[in-house]
Amino acid sequence: MSSPDPATLDRIRDKLELLRRVAAEQGLDVVVGDPAPLEPVPDLPGVAEVYRLFDRLEGDNFRFAAPEEIRTPEAWAARTVDENDPMGSPLAVGHEVHSIPPKLRADIRAGAPVYLDTEDLQVYWMDPDDYVFQYEHPDDDVEFTVLAPDVATFFDECVLGPRYPELVAVVLGPGVAEQRARKGRHAGEYADNWRRLLVAADLSS
């Protein structure tokens, strides 16, 4: 496992600065958080290095914040590992919030997770029902979708870049990815405020 490409981290940093500015100019109800003081975790090269660029990213469909398990090397060492987990106790790097009614999101912080494989550091999506099935049938083939080879690439391309519509389609379905607002000042535009932000910043279509 190697450290992330410094150029990728610089690109993420630049994108976050741009998105903070565009979100403020357009009055979009999204969260593009400020940098956070996180120590690198030697077992997870590049993970804390990405999350310390922001404390939270949140729009209509997803919420990304540093997992408690990586906030310090000590927290990572003390994490609970389920020896029976057929997927090897992956780390949740973010969650969909589309399934949570907006009025309940202050109390229910997260829906289904997007995972990081702690061995090969790939970021992937697995339907929660499939995850439960895998617990019950560990010898059967597992279905999951690899989203990125590492967490830096995931945020650069899938959260802050041109592959964001693909992320929405994989996790929530293609219909959600293409939904348009029917009324209000954003009528005719994408219903997803994060996608509107990326479009306004010319980072995605």
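The values are calculated or read from the model by the stated rules, or taken from the named source; none is laboratory data. These numbers were taken from a predicted model, which means no experiment stands behind them. Positions of Cβ are backbone-derived with ideal geometry, glycine not excepted, and every protein chain shown enters the neighbour counts. The area values use the complete protein model at the heavy-atom level, side chains included, leaving out ligands, DNA and RNA. Shrake-Rupley method; radii C 1.70, N 1.55, O 1.52, S 1.80 Å.
State which residue is nearest to Lys15 (Cα to Cα) when the search covers only the stretch 119-159 and only residues that are of a type in the set (S, T, N, Q) and open to solvent by 20 Å² or more (accessible area, probe 1.4 Å).
Out of the qualifying residues, it is Thr153.
Which of (1) modelled with pLDDT of 90 or more; (2) farther than 23 Å from Ala7 by Cα; (3) touching an Asp or Glu at 6+ places or on another chain (Cβ under 7 Å) is the odd one out, the single condition Ala181 does not satisfy?
Against the list (1) modelled with pLDDT of 90 or more; (2) farther than 23 Å from Ala7 by Cα; (3) touching an Asp or Glu at 6+ places or on another chain (Cβ under 7 Å), Ala181 comes up short only on (1).
Kindly indicate the residue of the stretch 84-100 that is of a type in the set (Gly, Ala, Ser) and open to solvent by less than 40 Å² (accessible area, probe 1.4 Å) and also nearest to Asn61 (Cα to Cα) among those meeting that condition. Write out each step before concluding.
Taking the stretch 84-100 as the starting set, the residues that turn out to be of a type in the set (Gly, Ala, Ser) are 88-89, 92, 94, 99.
Filter again for open to solvent by less than 40 Å² (accessible area, probe 1.4 Å), leaving 89, 92, 94.
On the way: Ser89: 24, Ala92: 16, Gly94: 11 Å.
Filtering first and then ranking leaves Gly94.
Are there any pairs, at least 6 apart or on different chains, whose C-beta atoms fall under 6 Å, with the first in the stretch 84-102 and in contact (Cβ under 8 Å) with a residue 24 or more places away in the chain and the second part of a strand (DSSP E or B) and open to solvent by 40 Å² or more (accessible area, probe 1.4 Å), and if so, which?
Filtered contacts from the stretch 84-102: His95/Arg63; Val97/Arg63.
Could you say whether any residue in the stretch 63-83 is open to solvent by less than 60 Å² (accessible area, probe 1.4 Å), farther than 29 Å from Phe133 by Cβ, modelled with pLDDT under 95 and in contact with a Lys or Arg (Cβ under 9 Å, 6 or more places away or on another chain)?
There is at least one residue in the stretch 63-83 that is open to solvent by less than 60 Å² (accessible area, probe 1.4 Å), farther than 29 Å from Phe133 by Cβ, modelled with pLDDT under 95 and in contact with a Lys or Arg (Cβ under 9 Å, 6 or more places away or on another chain).
Mind listing whichever residues of the stretch 162-199 are outside any helix (DSSP H, G or I) and closer than 25 Å to Pro128 by Cβ? Don't jump to the end; show me each part of the working.
Here is the first cut: in the stretch 162-199, the ones outside any helix (DSSP H, G or I) are 162-163, 173, 178-192.
Those that are outside any helix (DSSP H, G or I) and closer than 25 Å to Pro128 by Cβ: Arg163, Gly173, Glu178, Gln179, Ala191, Asp192.
For the stretch 193-204, which positions are open to solvent by less than 40 Å² (accessible area, probe 1.4 Å) and among the charged types (D, E, K, R)? Let's see the steps before the verdict.
Step one: of the stretch 193-204, the residues open to solvent by less than 40 Å² (accessible area, probe 1.4 Å) are 193-198, 201, 203-204.
Across the stretch 193-204, the qualifying residues are Arg195, Arg196.
Could you please find all residues in the stretch 48-97 being under 19 Å from the mean Cα position of the chain (by Cα), charged (D, E, K, R) and part of a loop (DSSP other than H, G, I, E, B)?
Selection gives Arg52, Asp55, Arg56, Asp60, Arg71.
Going residue by residue through the stretch 176-192, is there one that turns out to be of a type outside the set (Gly, Ala, Ser), on the phi < 0 side of the Ramachandran plot, surrounded by 18 or more Cβ atoms within 10 Å (Cβ to Cβ) and under 14 Å from the mean Cα position of the chain (by Cα)?
no
Assess whether Val146 counts as being part of a strand (DSSP E or B) and within 20 Å of Trp194 (Cβ to Cβ). Please lay out each step first, then the result.
Values: part of a strand (DSSP E or B): yes; within 20 Å of Trp194 (Cβ to Cβ): no.
In short, no.
For Ala112, only one of the following conditions fails: (1) of a type in the set (A, V, I, L, M); (2) within 30 Å of Asp29 (Cα to Cα); (3) surrounded by fewer than 19 Cβ atoms within 10 Å (Cβ to Cβ). What is its number?
The single condition Ala112 does not satisfy is (3).
Is the stretch 1-8 home to any residue that is part of a loop (DSSP other than H, G, I, E, B), closer than 18 Å to Tyr115 by Cα and open to solvent by 40 Å² or more (accessible area, probe 1.4 Å)?
yes
With respect to Leu172, is the statement that it is open to solvent by 20 Å² or more (accessible area, probe 1.4 Å), modelled with pLDDT of 95 or more, out of contact with any Cys (no Cβ under 9 Å at 6 or more places or on another chain) and at negative phi true?
Yes, satisfied.
May I ask you to say which residue of Asp156, Asp202, Asp129 is outside any loop (DSSP other than H, G, I, E, B) and either at pLDDT 90 or above or within 19 Å of Gly33 (Cα to Cα) (or both)?
Checking each option against the conditions leaves just Asp156.
How many residues, within the stretch 13-41, are closer than 14 Å to Ala66 by Cβ and β-branched (Val, Ile, Thr)?
2
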